[in-house]
Amino acid sequence: QVQLVESGGGLVQAGGSLRLSCAASGSIFSINAMGWYRQAPGKQRDLVAVITSDGTTTYADSVKGRFTISRDNAKNTVYLQMNSLKPEDTAVYYCSANIRRYSYYRAQDYWGQGTQVTVSS
């Protein structure tokens, strides 16, 4: 069994910063890509940022230069540092990880429960 637990969401004023964390735990053999997605009310879930196991990063155009994704492989944890936040960043943020479990041949995607980020104007 594998769990992803997010933390760090909350309410912040426009221009402020937040740092999200997501820790993976359980019967983990290896973790490939880890990423953050967000879903605003009435909208689809969109990619925010992803980081591969070797540290290669990809960002949505809307967050480039403001958000930074990083990971600590020893802790099976991914982070999202969010600076210069805007009201349009308001959403539920979900982490995802492609994980291979012990005794399993193939990796599969796992999701966290989501954490609310609200940016007031």
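List the strands (runs of 3 or more DSSP E) that sit entirely inside segment 72-121 and contain at least 3 residues that are surrounded by 13 or more Cβ atoms within 10 Å (Cβ to Cβ) and in contact (Cβ under 8 Å) with a residue 40 or more places away in the chain. Outline the logic, then answer.
Values: elements: 77-82, 91-101, 108-111, 115-120.
Correct list: 77-82, 91-101, 115-120.
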Checklist line | Filter result (assigned to a strand (DSSP E or B) and buried (at least 16 other Cβ atoms within 10 Å of the Cβ)) within segment 59-71 | finding: Tyr59, Phe67, Thr68, Ile69, Arg71
Checklist line | Any pair with Cβ under 8 angstrom, 6 or more apart, that starts in segment 49-70 at a residue that is under 16 Å from Thr90 (Cα atoms) and ends at one that is among the acidic types (Asp, Glu) | finding: Ala60/Asp46; Ser62/Glu88; Val63/Asp89
Next item on the list: Collect the residues in segment 48-58 that are part of a loop (DSSP other than H, G, I, E, B) and surrounded by 13 or more Cβ atoms within 10 Å (Cβ to Cβ), keeping them in residue-number order.
Entry: Thr52, Ser53
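Read-outs: derived from the displayed coordinates by stated rules, not from any lab. As the structure is a prediction and not an experimental result, all values here were calculated from the model. Heads up, the Cβs are rebuilt from the backbone with ideal geometry, glycines too, and the neighbour counts pull from every protein chain shown.
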